[in-house]
Amino acid sequence: MLAAMPDSAPSPLSAGGPALRYSGDACPGALRLHRADDGALARIRVPGGVLNADRADALLAAADRFGDGELHLTSRGNVQLRGLDAACGGALAELLTAAGLLPSAAHERARNIVASPLAGLDGRPPVNGWLSELDGLVCGSAAAASLSGRFLFALDDGRGDVDALGADVTLIAAGDGCLLRIGAEDEVFRLPAGEGPRAALLAAETFLRAARDTGAWRVKDLPDDARTAVRGDVRAELVRTVGEAAGRPVRLPRPRTATPPAPGPHGSANTISVDVPLGRLTPAQWRLLTGTARRHGDELRLTPWRGVVVPGPFGRPQDAAEVLGDLAAAGLVTAPDSPWTGVGACIGRPGCAKSLSDVRAEAGAAVGPPGRLPVYWSGCERRCGHPHGEWIDVVVTPEGHRISHVRGERRDPRQTVRDDPAALAAAVAAARARSL
């Protein structure tokens, strides 16, 4: 029987310090529960966000049996269960293992893989082959078990959506081949498509060797000389195993902003996409999505933007419209003009002791017409789960709500609003609507 591991001490990153391996990796998992103010928390990795209906049912059963009944989507397309009894770990692990959601106890937190949610559905190439192969390679690598719960792989179908998410290792479809990006480097390596997953694992294992000397959790945490050394070692190995052409870098700057699937129909209505307000799904909403998948293709794809894609097929456009109508009636976002489009928030109070406010309630009170930019509300300076690229950042501080315009590494503070909900909502709406 798999036993849940005890919660470890907070990592330096979660405490606001440098992201170095001076203490254990406290990132939550399915076997390492995290203590929160609303009970224990489990994070179940769902590589690529891909679930069939039976596995989706198992997640709901776990939430209902051990937690608060709700399922919370993360910014990596994973699922969190909250309100758990701290003693439920062993039984939770048994349930997830039986459902095929824990193929390797040693690697369960290392299976962080995001993938383009519409890959293979709207004319772009599929990445499901890469996904299954990479997941298998990670689970089969003894070294990869040492990857932190923060290390991220991305599989991009060429549209640039998940390439923009700041992954540590990214594979990008390019014609009949693929490109390998390590960290945020503008230069990528060109490879035959079939070599992509092995090259991605090679890059991760090479990073781990550098991390032993530097204490880094992620590629971006490595010193400049160590990042250069990692790229050099990967390049040399690619030349040795794939050929000289693989070692010639190609310039491809990482996209500045990720573009999630718009809520609504896609691909001649054979696919539908919905957004989930604040990433929080009730049991009824989850059952509706799972039942829809079971009737139409038996697949759900959880997105890194806290949404869900149902690939279908749906037959006629009016069939997809009927399904979207049912999902809208259940409270999900099915059109891009919803006030909830682009609105996100951390868990806030009362679930998190570090939060200074109930930011989910505040975000709900401030929703208005969709803005040009997404907005993310954080209850403290840690800004857990924040997006990547460009967005309006609302952070609760002792002085009030600080509103900033974030563009990559650049932060442009706009104003701080204190104790005035109407003024706060107006300031956030103005910031979201403002052009560059």
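The table below gives the values:
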{"quantity": "Residues satisfying the stated conditions in region 59-90, i.e. over 20 Å from the mean Cα position of the chain (by Cα) and surrounded by 19 or more Cβ atoms within 10 Å (Cβ to Cβ)", "calculated": "Ala62, Phe66, Gly67, Leu84, Cys88, Gly89"}
{"quantity": "Given (1) within 23 Å of Asp64 (Cα to Cα); (2) at pLDDT 95 or above; (3) open to solvent by 20 Å² or more (accessible area, probe 1.4 Å); (4) not hydroxyl-bearing (Ser, Thr, Tyr), number of the condition Cys352 does not satisfy", "calculated": "(2)"}
{"quantity": "Qualifying residue in region 357-376 (condition: touching a residue at least 12 places away in the same chain (Cβ under 8 Å), among the polar types (S, T, N, Q) and open to solvent by 50 Å² or more (accessible area, probe 1.4 Å))", "calculated": "no"}
{"quantity": "Residue that is hydrophobic (A, V, I, L, M, F, W, C), more than 22 Å from Pro255 (Cβ to Cβ), open to solvent by 60 Å² or more (accessible area, probe 1.4 Å) and more than 24 Å from the chain's Cα centre (by Cα), where the choices are Ala429, Ala422", "calculated": "Ala422"}
{"quantity": "Residue tally, condition closer than 19 Å to Thr292 by Cβ and outside any loop (DSSP other than H, G, I, E, B), over region 226-279", "calculated": "10"}
{"quantity": "Arg124, sole failed condition from (1) in a loop (DSSP other than H, G, I, E, B); (2) open to solvent by less than 20 Å² (accessible area, probe 1.4 Å); (3) of a type in the set (D, E, K, R)", "calculated": "(2)"}
{"quantity": "Residue in region 188-197 that is closer than 18 Å to Ser141 by Cα and touching a Phe, Trp or Tyr at 6+ places or on another chain (Cβ under 9 Å) present", "calculated": "yes"}
{"quantity": "Unmet criterion (only one of (1) surrounded by 14 or more Cβ atoms within 10 Å (Cβ to Cβ); (2) free of Cβ contacts under 8 Å to residues at least 40 places away in the same chain; (3) over 30 Å from Pro374 (Cβ atoms); (4) small (Gly, Ala, Ser)) for Gly215", "calculated": "(2)"}
{"quantity": "Residue list for region 107-121, restricted to those being open to solvent by 30 Å² or more (accessible area, probe 1.4 Å) and among the small types (Gly, Ala, Ser)", "calculated": "Gly120"}
{"quantity": "Qualifying residue in region 113-133 (condition: modelled with pLDDT of 95 or more and basic (Lys, Arg))", "calculated": "no"}
{"quantity": "Selection count where residues are hydrophobic (A, V, I, L, M, F, W, C) and under 23 Å from the mean Cα position of the chain (by Cα), scope region 299-336", "calculated": "10"}
{"quantity": "Number of positions in region 273-298 that are within 18 Å of the chain's Cα centre (by Cα) and either open to solvent by 50 Å² or more (accessible area, probe 1.4 Å) or at negative phi (or both)", "calculated": "7"}
{"quantity": "Any hit, region 333-345, residues being without any contact (Cβ under 8 Å) to a residue 60 or more places away in the chain and either open to solvent by less than 40 Å² (accessible area, probe 1.4 Å) or part of a strand (DSSP E or B) (or both)", "calculated": "no"}
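The values are calculated or read from the model by the stated rules, or taken from the named source; none is laboratory data. Note that the structure is a prediction, hence the values are computed from the model and not measured. Heads up, the Cβs are rebuilt from the backbone with ideal geometry, glycines too, and the neighbour counts pull from every protein chain shown. These accessible areas exclude ligands, DNA and RNA; they are computed on the full protein's heavy atoms, side chains included. Shrake-Rupley method; radii C 1.70, N 1.55, O 1.52, S 1.80 Å.
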